[in-house]
Structures are given as structure tokens and as C-alpha cells.
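**Student:** I have a structure here, written as C-alpha cells, and I will follow up with some questions on it.
The values are calculated or read from the model by the stated rules, or taken from the named source; none is laboratory data. Here the structure is a predicted model, which is why all the values come from computation and not from measurement. Quick reminder, even Gly has a Cβ in these numbers, built from the backbone with ideal geometry, and neighbours come from all protein chains shown. Quick note on the areas: whole protein, heavy atoms, side chains included, nothing else; ligands and nucleic acids left out. Shrake-Rupley method; radii C 1.70, N 1.55, O 1.52, S 1.80 Å.
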Amino acid sequence: MMADYTVRDQVAVIELDNPPVNALGSAVRAGIYDGIRKADRDPNIKAVVICGKRGTFCAGADIREFDGGKNGPWITDIGDFIDNMKKPVVAAIEGFALGGGLEVALFCHYRIALKTVRVGQPEVQIGLLPGGGGTIRLPRATGLKNALDIITTGNHVPAEKAAKMGIIDQIVTGDIIEEGIKFVKSKCNIDTSLVCLRMKTVKYSGDLDDISEAAMTKVKSKFKGAIAPIVCVKSVINSAKMPYEKGIDTEKEHFQDLRHSSQSKAMRYAFFAERAITRWQLPSGGNYKTAKPLPVKTSGVIGAGTMGGGIALCLITSGIPCILVEQNQQFLDKGLEIVKAQLMRTVQLGKLSTEQAKKCFTMLKPTTNIEDLKNVDLVIEAVYEDLKLKREIFEKLDRICKSETILCTNTSSLHIDSIATATKRQSKVVGTHFFAPSYIMKLLENIYGTKTSAETVATVMKLGKTIKKVPVLVGSCTGFVANRMLKPYSEEAQYCLEEGSTPSIVDTVLMDFGMPIGNFQVSDLSGLDIGFRIKREAARKAGVELSKNSRFFLGQRNCGLIEKLYEAGRMGKKNGKGWYKYESLNGKPIVDPEVTMLIEEHCRSLGIERRNIGSQEILERMQYAMINEGFKILEEGLCTMAEEIDVIWIYGFSWPKYMGGPMYYASQIGLKKIYEKVCYYHKTFPYSMHWVPSSLLAKLSQIDLPLSEWGDVAQGRKLVNKL
Ligand SMILES: CCCCCC/C=C/CC(=O)SCCNC(=O)CCNC(=O)[C@H](O)C(C)(C)COP(=O)(O)OP(=O)(O)OC[C@H]1O[C@@H](n2cnc3c(N)ncnc32)[C@H](O)[C@@H]1OP(=O)(O)O
């Protein structure tokens, strides 16, 4: 049994024991169930303590079991039994009580916790609802409003807040089991039915239908396209509408429906993908197990623009002092204003108190003197994308900084070696690519160069976690993984415009799929000048002219629309005109007939016949071109597993988690179909390099291998005999 049963001072102590997080697998559930029945039967036992081993209570149901059909008692059987017990049962919580873990605690008559504990019902984040009575019992403990909030967001609640909400009865210090025993013995003379949550009514104020409608509207707009939050609201409302038993039965039905839904399967995949990518390895052999990160106690950021300011903010709000360097006082002052405004916003959102924000700000040391960086542990360069400038900065940093300092570049496209070779410490140079807005977006694409050491990689992977990002390690190539895959995706979007579509049609198709924002809206946000400059730089490097009126550029299909919009003074949202027009800086995109005319004129002048392009074709062309690129990336060893690509898209480009990421999506469609379509488009559009089929995709399309093994095939770790 995966729950230890011992007796101390006439109290039965049931300790959950399932490493690493005491997940409630079927054996654990059986262990708890047997334990409470044994304690109830034994006349020498006066009370029960339920707690967990290894410093944590329980992280919920064993998510891996949801795909199989493991049996064991249903979790609410435990609750039903405790509800009828005369002997008091206390949950003694340390670490986490999450999901089914909190539900077990809510079955108990009492809950005590250490101050450091976090509780929550995070099921919604894996496309589920709390299926062990959580939607019915939590509202009885804390009221409808709090329960709706906790269950629909999945956010963790710190112990003291949970105590104020009525979820925890007492905060304790010291040994949790000793405290549990002391606490529960003091309750032996109290009638358990008086404290049993089943017997309580659900508190709320106002009209239930109004509460339900408001909660539905909120989750539908906040979690667009996701089913689980809607079902969570329904079930929590049932707690106030239905008798306890009916509420529980309905909850169980909802749980089973969600458990088998494609959305939950994709989100469970994403949960484990996020953990798999922490097991990084370098081609040279260094890996997450062997490499030790260096401490980062002080940091520096060069460039106080929107990106650099946001990066500095990530550092100081995570407790890492940061020296922010700009070339002159005017730019520095502007950067500081950006940091201050973002900090204020964080306070307004309730994420930091005014005091905390003030304290953070004192950790920022603005300067115009790069020499001030000499003693910091790590520097992140975030100046604009100019190789010459970056090399100059790295050469200077190499001279100024102590020998241990790690030098990071926030380049979004340049090869790491092309910057690292400006220094005599190539093993300490690494890419740390943040995504705009850098304070908000969770992805941190860490890029190793040929000579980057495992220690340096370990340091930036750890730093990523410390500053609350999701760090993914990738190899170096133009655009790295994220932007390299984005290129065919947005090129296909532009080709669709030339062939007959419009920015708003393309964007609507993407948003209907589940993307929070369309391709052309993103382009307007980043600024059309960025796209234009990238193309101009590519032309300059190749020693050719950039021509907006040519259908070919560097031997490839070309769409000159960006150049035409740029020349028409359309810079994007920042000047109110891009692919759309905007009435204000915070305004919504409005279809602009001028852009439609410009596109039509572009087609006329180049003799391109426009046609109706269906939404399926738009989606397929954008996604399959990008997926094909993903397979090439795996094939080239720039990623070691397909999961890395999915996490990059989820956290860098807000790919809907309930669709698992583009590689997972491909696995659901079937690689055979994807490969056939890629071949078809390659034939149809022979001048687009991105349609040349990936040989890995070709290989995998012939066999049926789980996504978790695609990287192994690419790297030759798994040999496929059939081929
Ligand atoms: C048929 C079943 C009937 C049950 C009916 C009741 C239904 C209840 C629904 C649920 O309870 S669903 C689960 C709800 N709980 C969660 O979503 C919590 C998930 N875990 C986390 O958020 C985090 O892991 C943590 C607990 C906050 C700890 O974070 P930390 O960063 O410290 O460690 P990780 O790297 O995330 O995790 C360590 C290790 O543990 C694995 N793991 C964590 N939680 C679970 C879990 N609930 N089930 C299975 N495995 C879990 C995680 O995958 C890591 O292992 P890996 O090998 O590195 O992947």
C-alpha cells in the first residue's frame, strides 16, 4: 500500500507515500481508504491524522493514470466514509495540497497547515475539473465566489490566505505530524457532524443565475475556446443548486467526459512536455544531471529599450539586482520610465504590493557607464539586431567583466558563434532570447554556441526558472527554433493575401483555431519596420537588391507587400497604420480599405490572379509549412525532442495548450496526411523552400511512433528497421 499506517498516542497516522509528489494513484487511494477503515474499527484509536511523506501532502491524482483504466476506490468513497466517522480526522499539510490532494484534505473534518503551504485546484490547467468532490466541497468551505475563482483559474493559494478563506483551520509551526496529533486530540469531544463539509450550506450573495452568467462570461473571454473552465463553472454552481449527493454524481460525470476529451489529453501532454524539456543535453555530452549552475547574485542588462527594460524587470522582481546600461542619459531615462510603468501595472494587477514594487526598483541601478558591469555574475545584451554593434559590445564586456561572468545575448536571429567569437570566453557566451513583451511572455529560448559550456547552459536554464520563465535549450541557426518556424508560417500568410485573401480573413481563421491573436495583428504589434529591416538585411548580406515588385527573391518566392506597406508609411500599431488601422494605441484593429486596395493593386501589377481561399487551406498552409520546418529542426539536432518545439510555441507564440503544440497537433492529424500535403504544396509552390519535405517527416510518416520517440529517431538513438 502506498500509504503508511502507524499509531502514535492512540492516533492513527496515515502517511501518503508515492514519490516524488505523493500523487493519488490507485494504490494510494486504496491505502488511505484501508487506513481510515482500520482506524475506525480499532477501539484503541481515538482520532486520525492524514499527512504526506517527503515534506509534501499531495499533488493530486496521478495524471499518468488518466490515460489508462487503473481501478482502486473512487476518491469520493474516502470522503463518504470519513463523513460518517465519529472519530475526528485532520489533514496535516506541508508542501502542497493540490487537486485530489486538496480534495482529500476537504474530506477531513479539519485541516491544519504550515505557513509555507500552497493549496489549489489546478485541474483546469490540464483540461479537467476537480473530480473528487472539489467543486461541491470547496464552495462549502469558502463560499461560492472564492471557489469559482480558485477552481476556474487553477491558481495556488498560500496557506495564510487559505486560512482567511476558511479552507485551512489553523496555521501551525513545527513538526506537522506532532502538530496534527496535538490538534486532533483536542477535537475528540466534538461531534464530527458539526464540522463535516457535506452538512454545510454554500454561501453566496446575489442571484445564482446572475453569478453563473457573470462567471461564464468571464471564463469564456479569458480562456477562449477551452471547455474545462466552462464545465468548472457549471459544477461549482451545482454545489449551490443541487443536494450534495446529486452535485457529486454530476461532477463525476463531467470529470469522466473531460478526462476523455481531446483538450484534456493535449493539456496533459503539455504538462509532461514542460517537464521533459528540463532534461536537456548538449551534443558535446554535458547535460542537466552532470552540469552545475553558477550562482547569479548580480546581473546587468545592456539596452534599456522595451525589451531590455522588460528583462531588467524580470530580474529585479525575482530578487536579482540589475545594473541597467544605456548609451546616453536620455535613452536611460526613457527606459526607466518603461520599467516604472510596468511595475505600476504589476501593482495595479495585485501581483506586487506598492512596498514590494518600491523595493524592487531599488534593485535597479541605471548607468551610462558600461564599466559598472565589471563585477556582475551575468550580463544580458539587449540592443538592436546589428551584428557589428553586438560584437563591439561583447568584445568590450570580455575586457571589462570578471572572468567568471556569463555573457548572454538576446539576439533573435544571429548565430551565437558570430557574437561569441568577439570574446576570449566563448564557453561563457550563450543566447537568452526573450519574447515580446519580455516581462510577460513566459518563453526563454536559450541557445548554445559551438563552445558554450554545460555549466553556462545550466546557469541560464536555472536563471530562466528563477525569473519564472519556461527555459528551453536549442541549438544555433538563423532565427533559432521559434523565429525559424515562424518564418514559413507568416510567409504563407502573406502568400495567401497575394492569392486572394485579406489580413482579417487570415487572422480570423487563426483565432477560430484558438490562437489568441492573428498573424497580421502580431506583425502590427511588432512593427512592420522590423519585418522590412530583416528582409533588407538579408538582401544586403546576399549582395542583391530588395525589390517589392519581384515575385522572386534569392531564388525563392517573394511577396513584396511588407515593403509596399512600409513605403506607404504603415509601421504598424505604433503609428496607427499597418495591416490594419487603429484609432488609438490601445485600439482594436480595424479593416482598412486602403490596405485592401494596396493588396489588389499589388496583384494587378504583378499579374497575380486572385481567387477564393478557404479557411482550411489557409490553416493548412500556415501550419503544415511550419510543422515541416519543425521536423527539419529535429532532423538537424537543433532540438533533441519534439516536446521542445511544442513548449516553444505554447509559451512563445501562445499556441493554445488545449491543442498541445504544433508537433502534438501533427501527431493527432497523422504524419502520413501531413507528409502528403507537404508534398502536394511542394509540387504546387516549387519556389518556396519551406515546402521541401523534411526527410525525417518522410521517414516517420511511414511508421507509427509516439511523438516522444521522434527526437530519438532523428538523433539515431532509435533505429527504425523498417526503413
Ligand atoms: C482515476 C483517478 C480518480 C481521481 C479523481 C480525482 C481527480 C482529481 C484530479 C486531479 O487531482 S488532477 C491533478 C491535479 N494536480 C496538479 O495538476 C498538480 C500537478 N503538479 C504540479 O503542479 C507540480 O508538479 C507541483 C506539485 C507544483 C511541483 O512542482 P515542482 O516544480 O516542484 O516539480 P515538477 O517538476 O513539476 O514535478 C516533479 C515530478 O512530479 C511529477 N508530478 C507532479 N505532479 C504530478 C501528478 N499529479 N501526477 C503525476 N506526476 C506528477 C512531475 O511530472 C515531475 O516528474 P517528471 O518525471 O519530471 O515528469
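**Student:** If we scan region 170-185, do we find a residue that is surrounded by fewer than 20 Cβ atoms within 10 Å (Cβ to Cβ), part of a loop (DSSP other than H, G, I, E, B) and not β-branched (Val, Ile, Thr)?
**Tutor:** Checked region 170-185: at least one residue is surrounded by fewer than 20 Cβ atoms within 10 Å (Cβ to Cβ), part of a loop (DSSP other than H, G, I, E, B) and not β-branched (Val, Ile, Thr).
**Student:** Give the residues of region 589-607 that are closer than 19 Å to Val522 by Cα and either modelled with pLDDT under 95 or of a type outside the set (S, T, N, Q) (or both), sorted by residue number.
**Tutor:** Kept after step one, since they are closer than 19 Å to Val522 by Cα, are these residues of region 589-607: 589-592, 595-596, 599.
If the condition is that a residue be closer than 19 Å to Val522 by Cα and either modelled with pLDDT under 95 or of a type outside the set (S, T, N, Q) (or both), then Pro589, Ile590, Val591, Asp592, Val595, Ile599 are the ones that fit.
**Student:** What about Leu102, is it more than 8 Å from the ligand (Cβ to nearest atom), under 25 Å from the mean Cα position of the chain (by Cα) and either under 23 Å from Glu253 (Cβ atoms) or at pLDDT below 95 (or both)? Talk me through it step by step, then tell me what you get.
**Tutor:** On the way: more than 8 Å from the ligand (Cβ to nearest atom): yes; under 25 Å from the mean Cα position of the chain (by Cα): yes; either under 23 Å from Glu253 (Cβ atoms) or at pLDDT below 95 (or both): yes.
When the stated conditions are applied, Leu102 passes them.
**Student:** Still on this structure: With region 659-722 as the region, which helices (runs of 4 or more DSSP H) entirely inside it contain at least 1 residues that are open to solvent by less than 70 Å² (accessible area, probe 1.4 Å) and aromatic (Phe, Trp, Tyr)? Quick ask: steps written out before the conclusion?
**Tutor:** Working: elements: 662-669, 671-684, 695-700, 710-714.
Helices (runs of 4 or more DSSP H) meeting the threshold: 662-669, 671-684, 710-714.
**Student:** Of all residues in region 89-99 being open to solvent by less than 10 Å² (accessible area, probe 1.4 Å) and under 14 Å from Gly120 (Cβ atoms), which is farthest from the ligand (Cβ to nearest atom)?
**Tutor:** Checked region 89-99; the qualifying residue farthest from the ligand (Cβ to nearest atom) is Ile93.
**Student:** Pairs, please: C-beta under 6 Å, at least 6 apart or cross-chain, first residue not assigned by TED's automatic domain parsing to the domain that holds Val474 and in region 274-287, second more than 13 Å from the ligand (Cβ to nearest atom) and acidic (Asp, Glu)?
**Tutor:** Hits for this filter: Ile277/Glu644.
**Student:** Any residue at all in region 637-651 that's of a type in the set (D, E, K, R), more than 26 Å from Thr508 (Cβ to Cβ) and not assigned by TED's automatic domain parsing to the domain that holds Met511? Working first, answer last.
**Tutor:** Taking region 637-651 and keeping what is of a type in the set (D, E, K, R), we get 643-644, 646.
If we keep only those that are more than 26 Å from Thr508 (Cβ to Cβ) too, we end up with 643-644.
If we keep only those that are not assigned by TED's automatic domain parsing to the domain that holds Met511 as well, we get 643-644.
Yes, region 637-651 has at least one match.
**Student:** Being assigned to a helix (DSSP H, G or I) and crowded, with 24+ Cβ neighbours inside 10 Å is the filter here, so list the residues in region 630-646 that pass it.
**Tutor:** From region 630-646, those assigned to a helix (DSSP H, G or I) are 630-635, 642-646; that's our starting set.
Scanning region 630-646 gives Gly630, Phe631, Ile633, Leu634, Ala642, Glu643, Glu644, Ile645, Asp646.
**Student:** Okay, moving on. Just checking, does region 672-689 include any residue being under 25 Å from Glu498 (Cβ atoms) and among the polar types (S, T, N, Q)?
**Tutor:** Step one: of region 672-689, the residues under 25 Å from Glu498 (Cβ atoms) are 674, 676-689.
With the extra rule that they be among the polar types (S, T, N, Q), the set shrinks to 684, 688.
Yes, region 672-689 contains at least one residue that is under 25 Å from Glu498 (Cβ atoms) and among the polar types (S, T, N, Q).
**Student:** Something else now. Residues being on the phi < 0 side of the Ramachandran plot and away from the ligand (no atom under 16 Å from the Cβ): count how many of those fall in region 129-166. Show your work before the answer.
**Tutor:** Here is the first cut: in region 129-166, the residues on the phi < 0 side of the Ramachandran plot are 129-132, 134-142, 144-153, 155-165.
Then drop every residue that is not away from the ligand (no atom under 16 Å from the Cβ), which leaves 139-142, 144-146, 148-149, 160-161, 163-165.
Within region 129-166, residues that are on the phi < 0 side of the Ramachandran plot and away from the ligand (no atom under 16 Å from the Cβ) number 14.
**Student:** Pairs, please: C-beta under 9 Å, at least 6 apart or cross-chain, first residue closer than 13 Å to Val184 by Cβ and in region 33-56, second charged (D, E, K, R) and within 16 Å of the ligand (Cβ to nearest atom)?
**Tutor:** Hits for this filter: Cys51/Glu94.
**Student:** Among the numbered criteria (1) near the ligand (Cβ under 10 Å from one of its atoms); (2) open to solvent by 20 Å² or more (accessible area, probe 1.4 Å), which one does Lys86 miss?
**Tutor:** Going through (1) near the ligand (Cβ under 10 Å from one of its atoms); (2) open to solvent by 20 Å² or more (accessible area, probe 1.4 Å) one by one, Lys86 breaks only (1).
**Student:** Another question, then. In the list Glu245, Glu213, Glu251, which residue meets the criterion of being within 15 Å of the ligand (Cβ to nearest atom), among the charged types (D, E, K, R) and not assigned by TED's automatic domain parsing to the domain that holds Tyr664?
**Tutor:** Glu251
**Student:** Another one. Would you pick out the residues in region 129-150 that are within 23 Å of Glu94 (Cβ to Cβ), β-branched (Val, Ile, Thr) and surrounded by 24 or more Cβ atoms within 10 Å (Cβ to Cβ)?
**Tutor:** Taking region 129-150 as the starting set, the residues that turn out to be within 23 Å of Glu94 (Cβ to Cβ) are 130, 132-134, 137-138, 141-142, 146, 150.
Pick out the ones that are also β-branched (Val, Ile, Thr) and you get 142, 150.
Ile150, the sole residue that qualifies.
**Student:** Output yes when any residue across region 107-115 is surrounded by fewer than 21 Cβ atoms within 10 Å (Cβ to Cβ) and within 13 Å of the ligand (Cβ to nearest atom), and no when none is.
**Tutor:** So the first thing to find is which residues in region 107-115 are surrounded by fewer than 21 Cβ atoms within 10 Å (Cβ to Cβ), and the list is 114-115.
This time we only want the ones that are within 13 Å of the ligand (Cβ to nearest atom), so: none.
Looking for residues that are surrounded by fewer than 21 Cβ atoms within 10 Å (Cβ to Cβ) and within 13 Å of the ligand (Cβ to nearest atom), one finds none in region 107-115, hence no.
**Student:** So Ile126 fits all but one of (1) open to solvent by less than 10 Å² (accessible area, probe 1.4 Å); (2) within 14 Å of the ligand (Cβ to nearest atom); (3) more than 20 Å from Gly52 (Cβ to Cβ); what number is the exception?
**Tutor:** (1)
Okay, residues lined up against (1) of a type in the set (Val, Ile, Thr); (2) in contact (Cβ under 8 Å) with a residue 24 or more places away in the chain:
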| site | (1), (2) |
| --- | --- |
| Val509 | yes, yes |
| Phe513 | no, yes |
| Asn519 | no, yes |
| Ala539 | no, no |
| Val544 | yes, no |
| Asn549 | no, yes |
| Cys559 | no, yes |
| Lys581 | no, no |
| Val595 | yes, yes |
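**Student:** Within region 567-588, take every residue that is crowded, with 19+ Cβ neighbours inside 10 Å and modelled with pLDDT under 95 and give me the one that is farthest from Cys603 (Cα to Cα).
**Tutor:** Lys573
**Student:** Still on this model: Mind listing whichever residues of region 11-35 are surrounded by fewer than 24 Cβ atoms within 10 Å (Cβ to Cβ), outside any helix (DSSP H, G or I) and within 14 Å of the ligand (Cβ to nearest atom)?
**Tutor:** Result: Asn18, Pro19, Pro20, Val21, Ala23, Gly25.
**Student:** Now for a separate question. Of the residues Gly79, Gly52, Gly60, Gly68, which single one is farther than 27 Å from Asp249 by Cβ and within 14 Å of the ligand (Cβ to nearest atom)? Walk me through how you get there before you give the answer.
**Tutor:** Values: Gly79 fails: farther than 27 Å from Asp249 by Cβ; Gly60 fails: farther than 27 Å from Asp249 by Cβ; Gly68 fails: farther than 27 Å from Asp249 by Cβ.
Gly52 is the lone residue from the list that is farther than 27 Å from Asp249 by Cβ and within 14 Å of the ligand (Cβ to nearest atom).
**Student:** List the number of the failed condition for Glu620; all other conditions in (1) open to solvent by less than 60 Å² (accessible area, probe 1.4 Å); (2) charged (D, E, K, R); (3) touching a strand residue (DSSP E or B) at 6+ places or on another chain (Cβ under 7 Å) hold.
**Tutor:** Among (1) open to solvent by less than 60 Å² (accessible area, probe 1.4 Å); (2) charged (D, E, K, R); (3) touching a strand residue (DSSP E or B) at 6+ places or on another chain (Cβ under 7 Å), the lone unmet condition for Glu620 is (3).
**Student:** Within region 254-284, track down each residue that is among the hydroxyl-bearing types (Ser, Thr, Tyr), open to solvent by 20 Å² or more (accessible area, probe 1.4 Å), within 14 Å of the ligand (Cβ to nearest atom) and part of a helix (DSSP H, G or I).
**Tutor:** Tyr269
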